[in-house]
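The values are calculated or read from the model by the stated rules, or taken from the named source; none is laboratory data. All of these numbers come straight from a predicted model, not from anything done at the bench. All Cβ positions, glycine included, derive from the backbone under ideal geometry; neighbour counts span all protein chains shown. Heads up: the accessible areas ignore ligands, DNA and RNA and are worked out on the full protein's heavy atoms, side chains in. Shrake-Rupley method; radii C 1.70, N 1.55, O 1.52, S 1.80 Å.
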Protein chains: 2
Amino acid sequence: MQKPTLPKGTRDFGPEQMRKRLFIFDTIRQTFQRFGFQPLETPSMENLSVLMGKYGDEGDQLLFKILNSGDFAAGLTEPDLQSGSKNITPKIAEKGLRYDLTVPFARYVVMNRHALPLPFKRYQMQPVWRADRPQKGRYREFYQCDADVVGTDSLLCEAEIVLMIHEVFRNLNIQDFTLKINNRKILSGIAEVIGRPGQEGTLSVAIDKLDKIGRGKVLDELRERGFSDDAITSLEPLFAFDDLSTDQVLTQLETWLATSATAQQGITELRETLQLAAQYGLTDTHVQIDPTLARGLSYYTGAIFEVKANGVSIGSVSGGGRYDNLTGTFGMPGLSGVGISFGVDRIYDVMDELNLFPAGAGQGTRVLIVPFDAEARAVALPLLSQLRASGVAAEVYPDLVKVKKMLDYANAKAIPYVVLIGSEEVQTGELTVKNMLTGEQQKLRKDDILAFMQEKSE
Amino acid sequence: MQKPTLPKGTRDFGPEQMRKRLFIFDTIRQTFQRFGFQPLETPSMENLSVLMGKYGDEGDQLLFKILNSGDFAAGLTEPDLQSGSKNITPKIAEKGLRYDLTVPFARYVVMNRHALPLPFKRYQMQPVWRADRPQKGRYREFYQCDADVVGTDSLLCEAEIVLMIHEVFRNLNIQDFTLKINNRKILSGIAEVIGRPGQEGTLSVAIDKLDKIGRGKVLDELRERGFSDDAITSLEPLFAFDDLSTDQVLTQLETWLATSATAQQGITELRETLQLAAQYGLTDTHVQIDPTLARGLSYYTGAIFEVKANGVSIGSVSGGGRYDNLTGTFGMPGLSGVGISFGVDRIYDVMDELNLFPAGAGQGTRVLIVPFDAEARAVALPLLSQLRASGVAAEVYPDLVKVKKMLDYANAKAIPYVVLIGSEEVQTGELTVKNMLTGEQQKLRKDDILAFMQEKSE
């Protein structure tokens, strides 16, 4: 018989990984909720008419499509067959798997627009699927955790996203991170002042690669794309912002981009965002203004955010920005919003590599009761119920086997405490509590065990 | 432009539904964890070689299949086309969506058998997909919440499932439910004593319909399937167990099925399971022994469980049983286990219909700060941060609009409290806290607001 396998690019998450992942999910969810974002879940499958054309040609190809049920091939003809896979697809598949959480969110807003109080703040934590070539750190199924507020262009929302990012990473115990901020209007202004107005798209695609290929090759690419030597020379100041404070960067940008009203608007927005964040009481800020930050995605119209953890070479762990037209593609134009997305898989990798998971993060069973015989088990079972009723995760080995086997089980499951019940314990009512890590033992009565284990489970 | 729609049989879950669903998920998860079950998640897609042939012919057809990426049709020929959809499928789809959580669990156990400490207790809470004809209460995407323990045949596991069911429904506030229990061996014994040994499958399929079509038609069906009049007459005692205590049912079964050693074994197992549950301290038991309970699925070999909520006409909300051969189909025979599955969608329907969601179940934002102007907002923002730091879900309306509009927003989101900050409040430092439900107002200083809101958020 063939051994079963997993589809390429997908993963099982066993108990230890799951407990750590649940810690991340819970932390993000609680932060979202404290900031007033409300939960939303959309179906895993969407009609292809909703998904297609939203992610570019490449995105369309990376969508997982679901074969129609029943006799899907009934209407297929030989000419269809010759027309190639791309033309056959719409005839045999009308649904696809969610590619991100943004398009389903936009669809939800449009379908519920009459009932939705605006501004609408929602968060969504669900898997998405992409038929990408799997490689290290890139999977075909992965979770996104998005929070968006739509229906207002108040910069208070940008400030709250700055706060929320600080809050999430503080709560996750990731102390050393950098939150890069930019504004699409600054990118537009740069394109203006170097004499290529409206070309910030091309400019961004090139500068986006700065970290990967370096300044020289970025400029080469711009040259290839028709940027003149003059334009490229005027770009010089862009590379001189390292190691400056946010205030200094903003002041320098003001001078450099003085002739662009758009840029000035972007600078004002950034300054106000940071001032508002300070009013909220944000002090230990990890913000860095990076005028080269573009994040590829062309739909950002205002603020652009990106978070990287320092000390590891793992890509960005969070990103987002403001957009002006979330739902335009579904016939509902002009809805402005701003959002942030946290990448659970990368956050997991960062925390794992830097050993940042707190000891109690998603702990499993706290105590195993070890009865030596049937008589002892009659003492064990009510204790087990009491422990669970006090919120302590507790187990008994289901079979009456050798004590060593039970202790091996506790060790294999990393259960930190066992309660040993032999005939002496049954008689005296004093049970032996053993710390499996230190080997330390003590005799305690039932009530004291309850109190002790409750304390050790917090 | 065409309005976007949802695929048939799928649903969005908006904020209010989601908060209630999260309450159910959290309750089940916490109970599972207290009983020592560990979390597992498997990918949404599995290879079709893993899924096909596990759910019968009908199941194979109800699997959602995923079109291969890339040029999937390249190898398709005209004869293929003529061979029909069923034969084309394996050529263009090698993956499918999870149909239940049991087969992926079995696959996981087999793939990780060398690293897995036995007994292995896992829980899994994930959506599954079935291309069923959608109808009221039946969806194409729905969640299952399963807990299983494999690698032991100890009846302690059955007892713990009985306890866990009581615990889950008590914690969910569903007080009025019935947990029906049976044992496959009793069904086998019945088949034996009526002279149709080994025919408990046919027998079960018919009796399973007792609730729906009544006793007369069940007997008709058995007659059609070749059961003699003698056999059917011998079946009489099966319909005389209503309104008996569990002890009485067991005693009557012992007498009726005295000649079947298998049945006696099943009766002993049931009795021991209930005795063990009592040893754990289970008193207010909702258990009813129902010798007609079969739950269709033929792979149960021991205990069979089913839970129904009383007072509503919604099908079973939970079910499970013991099986002897979870992983045999993947070449790893003889692994016994017992499991239980909770149906979140039906549990939701029960709680909604009976109005059982506790007031605090998954509450949203607790307080909206309402600053009258920019000066007031400077007071509002630090207060907002302090509230959130104290764990209170709090918001400020992002734009400085008319107070009425902000209060409308609070009402639309069902936010129970607002804090009004006008110029008087800024001067005195005494802010107005208003209960949006009663209209009651009081003036409180910042620190008192923190304490007050913390209390109101528990």
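Listed here are the residues, each with its yes/no results for (1) under 30 Å from residue B:29 (Cα atoms); (2) assigned by TED's automatic domain parsing to the domain that holds residue A:344; (3) basic (Lys, Arg).
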{"site": "A:6", "(1), (2), (3)": "yes, no, no"}
{"site": "A:27", "(1), (2), (3)": "yes, yes, no"}
{"site": "A:31", "(1), (2), (3)": "yes, yes, no"}
{"site": "A:61", "(1), (2), (3)": "no, no, no"}
{"site": "A:82", "(1), (2), (3)": "no, no, no"}
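What pairs can you find where one residue is in the stretch A:233-247 and closer than 21 Å to residue A:195 by Cα and of a type in the set (Asp, Glu), the other is in a helix (DSSP H, G or I) and open to solvent by 50 Å² or more (accessible area, probe 1.4 Å), and their Cβ atoms are less than 8 Å apart, with a gap of 6+ or different chains?
Partner pairs satisfying both residue conditions: none exist.
Kindly provide the set of residues from the stretch A:46-66 that are aromatic (Phe, Trp, Tyr) and either more than 7 Å from chain B (Cβ to nearest Cβ) or open to solvent by 30 Å² or more (accessible area, probe 1.4 Å) (or both), ordered by number. Even if it seems obvious, please write down each step before you answer.
Within the stretch A:46-66, the first condition is being aromatic (Phe, Trp, Tyr), and the residues that meet it are A:55, A:64.
The answer is A:55, and nothing else.
Exactly one condition in (1) within 27 Å of the chain's Cα centre (by Cα); (2) more than 16 Å from residue A:291 (Cα to Cα) is false for residue A:209; which is it?
(2)
Could you tell me how many of the residues in the stretch B:110-123 are facing another protein chain (nearest Cβ under 10 Å), in contact (Cβ under 8 Å) with a residue 40 or more places away in the chain and over 14 Å from residue B:338 (Cα atoms)?
Count: 1.
Take residue A:132 and decide whether it is of a type in the set (D, E, K, R), open to solvent by 10 Å² or more (accessible area, probe 1.4 Å) and in contact with a helix residue (DSSP H, G or I) (Cβ under 8 Å, 6 or more places away or on another chain).
Values: of a type in the set (D, E, K, R): yes; open to solvent by 10 Å² or more (accessible area, probe 1.4 Å): yes; in contact with a helix residue (DSSP H, G or I) (Cβ under 8 Å, 6 or more places away or on another chain): yes.
Yes; evaluated as a whole, the condition is true for this residue.
Among B:309, B:303, which is the only one that is in contact (Cβ under 8 Å) with a residue 40 or more places away in the chain, touching a helix residue (DSSP H, G or I) at 6+ places or on another chain (Cβ under 8 Å), closer than 25 Å to residue B:119 by Cβ and assigned by TED's automatic domain parsing to the domain that holds residue B:111? Please lay out each step first, then the result.
On the way: B:309 fails: closer than 25 Å to residue B:119 by Cβ.
Selected residue: B:303, the only one of B:309, B:303 that is in contact (Cβ under 8 Å) with a residue 40 or more places away in the chain, touching a helix residue (DSSP H, G or I) at 6+ places or on another chain (Cβ under 8 Å), closer than 25 Å to residue B:119 by Cβ and assigned by TED's automatic domain parsing to the domain that holds residue B:111.
For the condition in contact with an Asp or Glu (Cβ under 9 Å, 6 or more places away or on another chain), within 29 Å of residue A:296 (Cα to Cα) and assigned to a helix (DSSP H, G or I), what is the one hit in A:31, A:27, A:10, A:89? It would help to see each step written out before you state the result.
On the way: A:27 fails: in contact with an Asp or Glu (Cβ under 9 Å, 6 or more places away or on another chain); A:10 fails: assigned to a helix (DSSP H, G or I); A:89 fails: in contact with an Asp or Glu (Cβ under 9 Å, 6 or more places away or on another chain).
Just one listed residue meets the conditions, A:31.
For the stretch B:306-324, give me the residue count where each residue is open to solvent by 40 Å² or more (accessible area, probe 1.4 Å) and either in a loop (DSSP other than H, G, I, E, B) or within 14 Å of chain A (Cβ to nearest Cβ) (or both). Let's see the steps before the verdict.
Keep residues of the stretch B:306-324 that are open to solvent by 40 Å² or more (accessible area, probe 1.4 Å), which gives B:308, B:310-311, B:313, B:324.
Filter once more, so that each one left must be either in a loop (DSSP other than H, G, I, E, B) or within 14 Å of chain A (Cβ to nearest Cβ) (or both): B:310-311, B:313, B:324.
Qualifying residue count for the region: 4.
Which one of these does residue B:29 not meet: (1) open to solvent by less than 20 Å² (accessible area, probe 1.4 Å); (2) under 27 Å from residue B:119 (Cβ atoms)?
The failed condition is (1).
Do we have any residue at all in the stretch B:40-48 that's among the small types (Gly, Ala, Ser) and farther than 28 Å from residue A:40 by Cα?
First pass over the stretch B:40-48, keeping only residues among the small types (Gly, Ala, Ser): B:44.
From the residues that got through so far, the ones that are farther than 28 Å from residue A:40 by Cα too are none.
Among the residues of the stretch B:40-48, not one is among the small types (Gly, Ala, Ser) and farther than 28 Å from residue A:40 by Cα, which makes the answer no.
I'm checking my understanding of the structure. Among residues of the stretch A:260-273 that are of a type in the set (Ser, Thr, Tyr) and in a helix (DSSP H, G or I), which one is most open to solvent (accessible area, probe 1.4 Å)? Explain how you work it out, then say what you get.
If we filter the stretch A:260-273 for residues that are of a type in the set (Ser, Thr, Tyr), which is where we start, we get A:260, A:262, A:268, A:273.
From what's left, in a helix (DSSP H, G or I): A:262, A:268, A:273.
Working: A:262: 52, A:268: 76, A:273: 7 Å².
So, considering only residues that are of a type in the set (Ser, Thr, Tyr) and in a helix (DSSP H, G or I), the one most open to solvent (accessible area, probe 1.4 Å) is A:268.
Tell me yes or no: at least one residue of the stretch B:61-70 is within 23 Å of residue A:78 (Cβ to Cβ) and small (Gly, Ala, Ser).
yes
So if I check each of B:394, B:378, B:374, B:389, which one is assigned by TED's automatic domain parsing to the domain that holds residue B:419, in contact with a Gly (Cβ under 8 Å, 6 or more places away or on another chain) and either surrounded by fewer than 18 Cβ atoms within 10 Å (Cβ to Cβ) or under 21 Å from residue B:455 (Cβ atoms) (or both)?
Testing whether each residue is assigned by TED's automatic domain parsing to the domain that holds residue B:419, in contact with a Gly (Cβ under 8 Å, 6 or more places away or on another chain) and either surrounded by fewer than 18 Cβ atoms within 10 Å (Cβ to Cβ) or under 21 Å from residue B:455 (Cβ atoms) (or both) leaves just B:394.
Only one of these is under 17 Å from residue A:158 (Cα atoms) and part of a helix (DSSP H, G or I): A:294, A:303, A:277. Name it. Working first, answer last.
Working: A:294 fails: part of a helix (DSSP H, G or I); A:303 fails: part of a helix (DSSP H, G or I).
Only one candidate qualifies: A:277.
Identify, by number, the condition in (1) open to solvent by 30 Å² or more (accessible area, probe 1.4 Å); (2) outside any loop (DSSP other than H, G, I, E, B) that residue B:69 doesn't meet.
(2)
Every residue in the stretch A:328-340 that is part of a loop (DSSP other than H, G, I, E, B) and touching a strand residue (DSSP E or B) at 6+ places or on another chain (Cβ under 8 Å), please. Step through it out loud before you land on a result.
Initially, the stretch A:328-340 is screened for residues part of a loop (DSSP other than H, G, I, E, B), giving A:331-336.
Selection gives A:335, A:336.
Pick out the one residue from B:255, B:327 that is among the β-branched types (Val, Ile, Thr), closer than 30 Å to residue B:48 by Cα and either buried (at least 18 other Cβ atoms within 10 Å of the Cβ) or over 26 Å from the mean Cα position of the chain (by Cα) (or both).
On the way: B:255 fails: closer than 30 Å to residue B:48 by Cα.
The conditions single out B:327.
Is it the case, given these coordinates, that residue B:43 is crowded, with 18+ Cβ neighbours inside 10 Å, touching a helix residue (DSSP H, G or I) at 6+ places or on another chain (Cβ under 6 Å) and within 7 Å of chain A (Cβ to nearest Cβ)?
Working: crowded, with 18+ Cβ neighbours inside 10 Å: yes; touching a helix residue (DSSP H, G or I) at 6+ places or on another chain (Cβ under 6 Å): no; within 7 Å of chain A (Cβ to nearest Cβ): yes.
When the stated conditions are applied, residue B:43 does not pass them.
So which residues in the stretch B:401-425 are hydrophobic (A, V, I, L, M, F, W, C), surrounded by 15 or more Cβ atoms within 10 Å (Cβ to Cβ) and within 14 Å of another protein chain (Cβ to nearest Cβ)?
B:406, B:407, B:410, B:415, B:418, B:419, B:421
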